[in-house]
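Every number in this text was worked out from the coordinates using simple rules, so none of it is lab data. All values reported here derive from a predicted model rather than from experimental measurement. Cβ coordinates were reconstructed from backbone atoms using ideal geometry, including for glycine residues, and neighbour counts include every protein chain displayed.
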């Protein structure tokens, strides 16, 4: 896998446990113990997930005496969102073109149906 930052970010987001940790951190900072509660993982297991998220730049962990709170970092999310946004524009434009074609087909069918009724009535 390429070692560019976007690849690292998406690799970190690929794991459902890490996404759940990020969802929890979206509510506010939390300790490793708090983050481990909903999972059937040991504290070292959760710590491994946190290290992946930290290397990806998605979270930071500070030290306040014995408490080591984790918090989200927005910069990498913004980069990933911008990258995905480029493809969203592509799909939006594709769907708009598809909608235009479907509208043309509907109008064509309505025209054909109307002409068919007119021919039936004239016979």
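Can you put 84, 52 in order of Cβ neighbours within 10 angstrom, beginning with the fewest? Before the final figure, lay out the partial values.
Details: 84 10, 52 19.
Taking fewest neighbouring Cβ atoms as first place, the list is 84, 52.
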Given 37 °C, 0.692 mPa s and a Kirkwood radius over Cα pairs, the Stokes-Einstein diffusion coefficient of the stretch 5-72 in µm²/s is 276
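If I take R0 = 41 Å and measure r between the Cβ atoms of residue 5 and residue 112 in this structure, what FRET efficiency does the formula 1/(1 + (r/R0)^6) give, to the nearest 0.05?
Working: r = 55 Å, r/R0 = 1.34.
Calculated transfer efficiency: 0.15.
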Using only alpha carbon positions, build the gyration tensor of the chain, then give the equivalent ellipsoid semi-axes as the square roots of 5 times its eigenvalues, largest first, whole angstrom. 55, 16, 12
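Can you put 25, 102 in order, fewest other beta carbons within 10 Å first? List each step's numbers first, then the result.
Working: 25 21, 102 10.
Least crowded to most crowded, the residues run 102, 25.
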Please report the spacing between the Cα centers of the stretch 73-119 and the stretch 1-55 in Å, no decimals. 36
0 to 90° range, to nearest 10: angle between helix 16-25 axis and the chain longest Cα axis: 80
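Which of 40, 92 has the fewest other C-beta atoms within 10 Å, and how do the rest follow up to the most? Let's see the in-between values first.
Working: 40 7, 92 10.
In increasing order of surrounding Cβ atoms, one gets 40, 92.
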Considering Cα pairs under 8 angstrom that are at least six residues apart, work out the relative contact order of the chain and quote it in whole percent. 23
Added length on full extension, which subtracts the Cα-Cα distance from 0.36 nm per residue, residue 90 to residue 62: 6.1 nm
